[in-house]
Amino acid sequence: LALAAEHVALAIDAARAEAVAARDRAALAQLLEVSSRLAGLDTVESVLDAVTCGVQAALGFEKVVVAIADGAGGFVPRGAAGWHGDADALAFSLTKGDLLAILDPAFEIEGCYLCTNDEAMARVGNRSSHVSVRNGTGPYAWNRHWLIVPLYDRGGELTGFLWADDPEDCLLPSPQRLQALRTFANQASAAIRATFDLERLTRRGDELDALHQTTLRLLDRVELGDVLEAIVESGRSLLNTEHGYLYLADKRRDSLVLTIRL
């Protein structure tokens with residue numbers, strides 16, 4: 001009986017190892033497929049949607065979201081997979097301080113941060129209406145755990161995070177699985193940087209084009225009022241504002257006088 005039990009244990013280990021190897025192969029194939037698609041994507045949302053769908057398909061997490069810093073101390077979801085009919089759960093109120101409380105070295109595994117729900121609640125409290133559904137019991141079971149992968153810019157500044165939940169097998173992810181997840185997060189960071197760079201270049205090109213067009217229009221005008229109005233209109237258009245104003249100094253009254261209003 002003991003010998004039979006030993007053979008059963010070996011068979012289970014072999015099957016588990018084969019399952020991990022198969023998942024690793026699928027993750028690599030999915031990572032390459034996502035990489036090949038990113039070059040053709042031109043917005044942050046499209047890039048992050050591709051990454052989150054890749055994580056979902058390759059690593060078996062039913063729900064995946066990438067959130068980016070909003071510049072006001074919080075984070076805004078910019079790409080998600082698996083949240084059908086559950087969009088309210090994405091309205092989390094996680095701040096940078098909350099995130100840093102989770103990014104404790106005690107929770108770090110392969111560049112990812114995994115902690116129990118009780119530990120997360122003790123540090124940051126409830127920040128979302130979402131509740132995990134693929135839970136189990138036992139030392140290897142997923143049970144409402146928090147799995148966060150931070151995203152950084154070129155200078156090492158925290159710019160967002162990837163959050164994965166509800167593993168299909170209801171088990172805690174292996175180190176190999178977390179390595180693959182970190183690789184997807186690195187890909188997301190690089191793609192975000194490239195997309196932001198492209199957006200900045202596009203905006204700069206639009207600014208230069210507007211300046212060029214304004215200069216051409218000014219050459220055809222001789223009236224000062226027309227020239228100033230053209231300048232204000234160009235600035236209003238560049239900043240995409242509803243109104244534009246120009247004040248000129250009145251040295252006699254030592255004040256500014258509203259000259260153009262659009």
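Tabulated values for the structure
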{"item": "Three-way shape call for the stretch 53-179 based on the alpha-carbon gyration tensor, with the a/c threshold at 1.5", "result": "rounded"}
{"item": "Candidate residues 130, 7: accessible-area rank, largest first, probe 1.4 Å", "result": "7, 130"}
{"item": "Stretch gain in nm, segment residue 260-residue 11, where the contour uses 0.36 nm per residue and the Cα spacing is subtracted", "result": "81.4 nm"}
{"item": "Efficiency of FRET between residue 118 and residue 2 - r from beta-carbon atoms, R0 41 angstrom, step 0.05", "result": "0.60"}
{"item": "Local electrostatic count at residue 120 - Lys and Arg +1, Asp and Glu -1, tallied over other residues with Cβ under 15 Å", "result": "-3"}
{"item": "In Å², nearest 10: area of residue 63 left accessible to a 1.4 Å probe", "result": "20 Å²"}
{"item": "Neighbourhood charge, 11 Å Cβ-Cβ cut-off, centred on residue 78 and excluding it, Lys, Arg +1 and Asp, Glu -1", "result": "-3"}
{"item": "Accessible area, probe 1.4 Å, largest first, for residues 140, 247, 113, 152", "result": "140, 247, 152, 113"}
{"item": "Shape of the stretch 88-150, Cα gyration tensor, a/c cut at 1.5", "result": "oblate"}
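The values are calculated or read from the model by the stated rules, or taken from the named source; none is laboratory data. As the structure is a computational prediction, the values presented were derived from the model and not from experiment. Positions of Cβ are generated from backbone atoms using ideal geometry, with glycine treated the same way; all protein chains shown enter the neighbour counts. The accessibility values were calculated without ligands, DNA or RNA, using every heavy atom of the protein model including side chains. Shrake-Rupley method; radii C 1.70, N 1.55, O 1.52, S 1.80 Å.
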